[in-house]
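**Student:** The structure follows.
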Ligand code: SAM
């Protein structure tokens, strides 16, 4: 089993197992031969390191990761795929399949059990229907990982990696900034997948901060302010932050104490501004 990017090989494999793509599970398998090696390189895998993959599908990216890393552990939700993976991954003793839902598994425990002391990174072609929840789950779980290199829809990539002040930035942008340095690495056309989705994709890398970029006494409160501000992004923060259950007088006082204009709108504030407001409130 050598050419999982060869359409006729993939079709024959799927037919042999009676496999049909599930739209609900976000199944668009990679068939562009140049993408997987680039992703494996970008995630920094080495013979001593481990890679956690979410959604191996039939193993196209997984095989490249196994060539580069000491150990690869892949979490797959679709119960039909282990039989196909047993065939496509047979040559890779450094591969372990974990059946389950990546959103529900205790990933800290899984990493400790599977990787021990190895440095670990995450690399995946994510199921698009849960891109943001999965990325937030990975970040909020405070996993002992160095980076997250993932394929996401182009629009999601632009939002996740948006710069401050950009109209593309949203609550998730600032949440990502709190945990990591985010960058778009390269674009991938829709024709690189089977079946082809309606949009193009991008590979992004989130390099986790060793220490948070700002000091905040209550993270939950800061994130609820960020969400309230972006939920009503056209309003001034004097009005939008009331959505987080704060009085107008308290917001006005906090803005003045932090040197932030009460008329500013969500996208004009930096993560540090939100941290300062949260601490002042
Ligand atoms: N890695 C393969 C590739 O690049 O060709 C497949 C990528 S496909 C976009 C997404 C994969 O994630 C599918 O195999 C799908 O079954 C799996 N998946 C969907 N939801 C999942 C979840 N909650 N937990 C784990 N895997 C999931």
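None of the figures in this text is laboratory data; all of them are computed from the coordinates on show. Computed from a predicted structure; not experimentally measured. Ideal geometry is used to build each Cβ from the backbone, glycine not excepted, and the neighbour counts take in all protein chains shown.
**Student:** Yes or no: residue 79 within 13 Å of the ligand (Cβ to nearest atom), surrounded by fewer than 21 Cβ atoms within 10 Å (Cβ to Cβ) and on the phi < 0 side of the Ramachandran plot? Let's see the steps before the verdict.
**Tutor:** Numbers: within 13 Å of the ligand (Cβ to nearest atom): yes; surrounded by fewer than 21 Cβ atoms within 10 Å (Cβ to Cβ): yes; on the phi < 0 side of the Ramachandran plot: yes.
The answer is yes for residue 79.
**Student:** Considering every residue within segment 256-266, establish whether at least one is within 24 Å of the chain's Cα centre (by Cα) and either in contact (Cβ under 8 Å) with a residue 40 or more places away in the chain or within 27 Å of residue 181 (Cα to Cα) (or both).
**Tutor:** yes
**Student:** Continuing with the same structure: Within segment 181-193, is there a residue that is touching a helix residue (DSSP H, G or I) at 6+ places or on another chain (Cβ under 9 Å), without any contact (Cβ under 8 Å) to a residue 12 or more places away in the chain and surrounded by fewer than 15 Cβ atoms within 10 Å (Cβ to Cβ)?
**Tutor:** Looking through segment 181-193, none of the residues is touching a helix residue (DSSP H, G or I) at 6+ places or on another chain (Cβ under 9 Å), without any contact (Cβ under 8 Å) to a residue 12 or more places away in the chain and surrounded by fewer than 15 Cβ atoms within 10 Å (Cβ to Cβ).
**Student:** In the set 143, 139, which member is within 21 Å of residue 56 (Cβ to Cβ) and under 15 Å from the mean Cα position of the chain (by Cα)?
**Tutor:** Details: 139 fails: within 21 Å of residue 56 (Cβ to Cβ).
Going through 143, 139 in turn, the sole match is 143.
**Student:** Which one is surrounded by the fewest Cβ atoms within 10 Å (Cβ to Cβ) among residues in segment 41-75 that are out of contact with any strand residue (DSSP E or B) (no Cβ under 7 Å at 6 or more places or on another chain) and assigned to a helix (DSSP H, G or I)?
**Tutor:** 41
**Student:** Give all pairs with beta carbons closer than 6 Å in which a residue from segment 101-116 that is at negative phi and free of Cβ contacts under 8 Å to residues at least 60 places away in the same chain meets a residue that is surrounded by 14 or more Cβ atoms within 10 Å (Cβ to Cβ) and part of a helix (DSSP H, G or I); count only pairs at least 6 apart in sequence or on separate chains.
**Tutor:** What qualifies is 103/137.
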